[in-house]
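The values are calculated or read from the model by the stated rules, or taken from the named source; none is laboratory data. If you're wondering where the values come from, they're calculated on a predicted model, not measured in any experiment. No Cβ is skipped: glycine too gets one built from the backbone with ideal geometry, and neighbour counts run over all protein chains shown.
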Amino acid sequence: MHYNLGNAYYFLKQTQLAIDYYQEAIKRNPNKGESYYNLGNAFCVTKEFDDAIESYKIAIKLDPYNAPALFNLGNAYFMLKKFD
């Protein structure tokens, strides 16, 4: 339920509420990689790239074949000008 509410608020461009709901979803089910991925996306919208990077890393740890998370991780590093 919290994951879906996070998605709804994200699509309504109420990003802070989306972040709150994704974080609650993660508390309730810390093994759902999609929650971390979507949280990372929301953090990118708010330009919280360090937090996005941490979220994407966890999403990738849970699902190493999550290509969108890998791509967005690279973009978040790029936004911080961390090219190494």
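Just to be sure, is Y65 of a type in the set (S, T, Y), modelled with pLDDT of 95 or more, out of contact with any Ser or Thr (no Cβ under 9 Å at 6 or more places or on another chain) and farther than 23 Å from Y9 by Cα? Yes; evaluated as a whole, the condition is true for this residue. Each residue in the stretch 29-64 was checked for being assigned to a helix (DSSP H, G or I) and among the charged types (D, E, K, R), and 6 of them qualify. Among residues of the stretch 19-44 being of a type outside the set (D, E, K, R) and over 10 Å from the mean Cα position of the chain (by Cα), the one that is surrounded by the most Cβ atoms within 10 Å (Cβ to Cβ) is Y21.
Note on the stretch 1-18: among residues that are surrounded by fewer than 23 Cβ atoms within 10 Å (Cβ to Cβ) and under 12 Å from the mean Cα position of the chain (by Cα), the one that is farthest from N75 (Cα to Cα) is Y3.
Within the stretch 1-47, being over 19 Å from L70 (Cβ atoms) and charged (D, E, K, R) holds for K13, D20, E24, K27, R28, K47. Remark: pairs (first residue in the stretch 72-84, at negative phi; second residue assigned to a loop (DSSP other than H, G, I, E, B) and at pLDDT 95 or above; Cβ separation under 8 Å; 6+ apart in sequence or on different chains) = M79/K47.
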